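To keep things clear, I will list the structure first and then write my remarks on it.
The values are calculated or read from the model by the stated rules, or taken from the named source; none is laboratory data. Keep in mind it's a predicted model, so treat the numbers as computed, not measured. Virtual Cβ from ideal backbone geometry, glycine too; neighbours counted across all protein chains shown.
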Amino acid sequence: MEKEKGGFFAKLKNGLNKTRINLLDGLDSVFHGFSEIDDDFYEELEEVLVMADIGVQTTGEIIEEIKTLVKVEHIKRPEDCREYLINLLAERLDIGENQYLFEKERSIIFVIGVNGVGKTTSIGKLAYNFKADNRRVLIAAADTFRAAATEQLEAWANRVGVPMVGAKEGTDPASVIFDALQSAKAKDVDILLCDTAGRLHNKKNLMEELKKMNRIIDKEFPGIHRENLLVLDASTGQNALNQAKEFKDACNITGIILTKMDGTAKGGIAIAIWQELGIPVKYIGVGEGIEDLQKFDSKSFVKAIFDND
Amino acid sequence: MAFENLTDKLTKVFKNLRSKGRLTEEDVKVALKEVKLALLEADVNYKVVKNFIKSVEERAIGTEVLEGLNPGQAVVKIVNEELTKTLGDETVELKFEPGQAITVIMLCGLQGAGKTTTAAKLAGQFIKKGKKPLLVALDVYRPAAIKQLQVNGEKQGVDVFSMGDNVKPVEIAKQSIEFAKQNHHNVIIFDTAGRLHIDDALMQELVEIKKNVTVHKTILVVDAMIGQDSVNVAKDFNDRIGIDGLILSKMDGDTRGGAALSIKAVTGVPILYVGMGEKLSDLEQFYPDRMANRILGMGDVLTLIDKVMQETEEIDTDKEKDMMARLKKGKFDFNDYLESMNQMKKMGGLSSMLGLMPNMGISKDDLEGAIDEKQMKQMEAIVLSMTKKERSNPKLLNPQRKHRIAKGAGVDIAVVNRFVKQFEQTQKLMKQMPGLMGGKKKGRFGGFGGMGGPGGFKMPF
């Protein structure tokens, strides 16, 4: 850790290193390997964007926009396209500044997603961040399906030093949520973090189960700030779009936690999801450490991707 | 589904093109452009797609277009064959060491791929094959990973060997072999921690394990939803550690699973199993042809083309003629209904058959609304709950009998009533329109049309 110089930004850049290298490798050969802007150039560009998991459709849209820009701005050299592309992508990912107000309010954060994306770990990291911010945090362990999920979360709760409400494997998760809500009232906590079992978005019953938990929260705490965060594994391909759509139908998703950004070479699916569904990425996981969950900031994100030194 | 079916797309592309004879370069190029998009949407790696398309193009140009297929379908047929070939021509079984010798299997992969769950599922499969497996907990990093394996092991009735999370995985692996020998286990499954393929230290740990313990099969567990990065992951794991097989997890989702193709193309290792659900029994053999269809988003269309061709020859023509004659007279009874249902089942069910008939002038959506396979099953249950007499003489059905039938089929009496009413209407309809039934040369599908459940008889064939 000592080797890294400047806290947040250096870390983010470090975490995004793989992304950066991959995109840059591709882009540099695109921007410098061609002497003029022609069909071959655009095809190469398409390859780089698709390889970053941005998806065929969004890639097509981006390329169309670049084509228009090239015409309107009379761009002649491929390397000049670079600046435009950076702007274009930064624009895509810009989510505005009022997305984190809930961290200062009383709020209930409901964390959902498919299996193995890192929900439990993300909750541990979120709890750590909020605790460090002097917020009173309570965790609800509503993954009562997977073996030892509660124990896993308990280990995190102990590490962070926050209380947790849990139950035996096989308990109705809605009842865990209910208990946690009562406990939140009694303890007067600021932020309640709810972990849920991983579920594939095409399982009707499991999505209904989510809706039920949602209803209970709304009933017990009407009017409180609700934050429904979908956790997505950054290495997921185009299926992430389906996931986002289905979970959005079941619960009103307010944001995305993009995990495992330190390993995958791509993070492009975030662009496609924002573009197609308008769901902003709010946090990204850039490492295994307890402090490695960061707020998503489109400018430094894109900058870290394209920053060369 | 979010994407248009590839077959539908190609049908549109070739709508006005009915070239007979051989596939021209133009035909192939147009079709392959759509195929390329379909593969990319399915998360097949871009570079793999490029190579794949090239090889298909070479093979396809000049190929004869079979009677009854349009050029698009002809190309899809070739694409499908090539896909299946790339994915592995046949199902590969995991090979054990001979006799009672211990087979050591190591599972590895990224975080959240599903290694621990898969380990327990595998153990269950091995028990069924008469083996005595031992699960070994080598994930000393993730909180409660050991506990998770222990709980799942207990559910499966399999011993779990662990030494807590303060011992190095290499040491645990070594000790587990001794334990297995003493306790007569003949298959050992190492459940290792999830790790990033670029994490040097953790990758080295796997190398060390293989250095110190004889590992017979190293299996990479991959989340079927993984995107373009699958190639890097598989390549790094293969280069550093060496993998012998692949298990795709979470295939019960709606992902097209293009990673299977990417990884196979890059590493050449066989795909052994696919995870099809959360229950510990939900691990299935891998079938390359099914996977090929899924990646292309075609359902089982091509398999069905073959099946229909086979069935056409097999079905007893006399019996059918007999049935058609009675159909025309409107003397269609419940026995005929059962018969046509059975024929349809032989061909793989209705919904998959619909994909077969893209040129019927009906969109697939219309049909999907009208027919529900669950309903078909219900209808079948109703017919099977009738006596033989009732089946051949629908007029016998009175309220009392209907009540009995409803009970037998486990449905509400209203369902039975509706079904019988529709049956009668269909009879009438058929009597009125004998031309509809006999008019077409391939009128054999006519028999199925009428009874697709509520609203089903609207189907125009």
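List of remarks:
- Complete set of residues in the stretch B:164-176 that are surrounded by fewer than 19 Cβ atoms within 10 Å (Cβ to Cβ) and either more than 14 Å from chain A (Cβ to nearest Cβ) or assigned to a strand (DSSP E or B) (or both): B:Asn166, B:Val167, B:Lys168, B:Val170, B:Glu171, B:Lys174, B:Gln175
- Filter pass, B:Gln111 being away from chain A (no Cβ under 14 Å) and either under 29 Å from A:Arg199 (Cβ atoms) or charged (D, E, K, R) (or both): no
The rows are residues; the columns are (1) under 17 Å from B:Ala292 (Cα atoms); (2) within 14 Å of chain A (Cβ to nearest Cβ); (3) out of contact with any helix residue (DSSP H, G or I) (no Cβ under 8 Å at 6 or more places or on another chain).
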{"site": "B:Lys36", "(1), (2), (3)": "yes, yes, no"}
{"site": "B:Leu40", "(1), (2), (3)": "yes, yes, no"}
{"site": "B:Gly62", "(1), (2), (3)": "no, no, yes"}
{"site": "B:Ile78", "(1), (2), (3)": "yes, no, no"}
{"site": "B:Gly88", "(1), (2), (3)": "yes, no, no"}
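- 3 or more residues modelled with pLDDT of 75 or more: qualifying helices (runs of 4 or more DSSP H) within the stretch B:361-407: B:373-384, B:388-392
- Enumeration of residues in the stretch A:201-236 that are within 14 Å of chain B (Cβ to nearest Cβ), over 19 Å from A:Lys295 (Cα atoms) and hydrophobic (A, V, I, L, M, F, W, C): A:Leu206, A:Met207
- B:Val158 vs. criteria surrounded by 15 or more Cβ atoms within 10 Å (Cβ to Cβ) and more than 25 Å from A:Leu153 (Cβ to Cβ): yes
- If you go through the stretch B:125-156 and keep only what is under 29 Å from the mean Cα position of the chain (by Cα) and away from chain A (no Cβ under 14 Å), you end up with B:Gln125, B:Phe126, B:Ile127, B:Lys128, B:Lys129, B:Gly130, B:Lys131, B:Pro133.
- Among the residues of the stretch B:93-126, those that are within 19 Å of B:Phe286 (Cα to Cα) and among the small types (Gly, Ala, Ser) comprise B:Gly109, B:Ala113, B:Gly114, B:Ala119, B:Ala120, B:Ala123, B:Gly124.
- Residue list for the stretch A:133-152, restricted to those being of a type in the set (A, V, I, L, M), modelled with pLDDT of 95 or more and outside any strand (DSSP E or B): none
- Residue under evaluation B:Glu26, criteria (1) modelled with pLDDT under 85; (2) closer than 30 Å to A:His201 by Cα, criterion not met: (2)
- Considering residues of the stretch A:237-265 that are within 20 Å of B:Arg256 (Cα to Cα), surrounded by fewer than 24 Cβ atoms within 10 Å (Cβ to Cβ) and not aliphatic (A, V, I, L, M) only, the residue nearest to the other protein chains (Cβ to nearest Cβ): A:Asn242
- Qualifying residue in the stretch A:179-191 (condition: over 22 Å from the mean Cα position of the chain (by Cα), within 12 Å of chain B (Cβ to nearest Cβ) and in contact (Cβ under 8 Å) with a residue 60 or more places away in the chain): no
- Pair list, Cβ under 6 Å, 6 or more apart: the stretch B:220-239 residue more than 17 Å from A:Asp53 (Cβ to Cβ), other residue among the basic types (Lys, Arg) and part of a helix (DSSP H, G or I): B:Val221/B:Lys115
Table: residues versus (1) surrounded by fewer than 16 Cβ atoms within 10 Å (Cβ to Cβ); (2) under 24 Å from A:Phe221 (Cα atoms); (3) more than 14 Å from chain B (Cβ to nearest Cβ).
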position	(1), (2), (3)
A:Cys81	no, no, yes
A:Tyr100	yes, yes, yes
A:Thr121	no, no, no
A:Ala157	no, yes, no
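- Of the strands (runs of 3 or more DSSP E) lying entirely inside the stretch B:180-252, those carrying at least 1 residues that are surrounded by 20 or more Cβ atoms within 10 Å (Cβ to Cβ), within 14 Å of chain A (Cβ to nearest Cβ) and among the hydrophobic types (A, V, I, L, M, F, W, C) are B:217-223, B:245-249.
- The single condition from (1) at pLDDT 95 or above; (2) more than 17 Å from B:Ala137 (Cβ to Cβ) that B:Leu196 fails is (1).
- Any hit, the stretch A:273-282, residues being over 19 Å from A:Asn98 (Cα atoms), more than 10 Å from chain B (Cβ to nearest Cβ), in a loop (DSSP other than H, G, I, E, B) and free of Cβ contacts under 8 Å to residues at least 12 places away in the same chain: no
- Flag for A:Arg82 being outside any helix (DSSP H, G or I), more than 15 Å from the chain's Cα centre (by Cα) and of a type in the set (D, E, K, R): no
- Just one residue in the set A:Glu209, A:Glu246 is assigned by TED's automatic domain parsing to the domain that holds A:Glu105, under 24 Å from B:Asp43 (Cβ atoms) and not in a loop (DSSP other than H, G, I, E, B); that residue is A:Glu246.
- Condition met for B:Val49 (without any contact (Cβ under 8 Å) to a residue 24 or more places away in the chain, crowded, with 20+ Cβ neighbours inside 10 Å and under 24 Å from A:Gly55 (Cβ atoms)): yes
- The number of residues in the stretch B:263-277 that are touching a residue at least 60 places away in the same chain (Cβ under 8 Å) and within 16 Å of B:Ala123 (Cα to Cα) comes to 3.
- The residue that is farthest from the other protein chains (Cβ to nearest Cβ), counting only those in the stretch A:283-296 that are outside any loop (DSSP other than H, G, I, E, B) and touching a helix residue (DSSP H, G or I) at 6+ places or on another chain (Cβ under 7 Å), is A:Lys295.
- Of the residues making up the stretch B:254-266, those that are surrounded by 24 or more Cβ atoms within 10 Å (Cβ to Cβ) and at negative phi are B:Thr255, B:Arg256, B:Gly258, B:Ala259, B:Ala260, B:Leu261, B:Ser262, B:Ile263.
- Taking the stretch B:92-122 as the range and being surrounded by fewer than 22 Cβ atoms within 10 Å (Cβ to Cβ) and not hydrophobic (A, V, I, L, M, F, W, C) as the test, the residues that pass are B:Glu93, B:Lys95, B:Glu97, B:Pro98, B:Gly99, B:Gln100, B:Thr103.
- Entirely in the stretch B:51-162, the strands (runs of 3 or more DSSP E) that have 2 or more residues that are β-branched (Val, Ile, Thr): B:103-108
- Complete set of residues in the stretch A:130-151 that are more than 8 Å from chain B (Cβ to nearest Cβ) and of a type in the set (Phe, Trp, Tyr): A:Phe130
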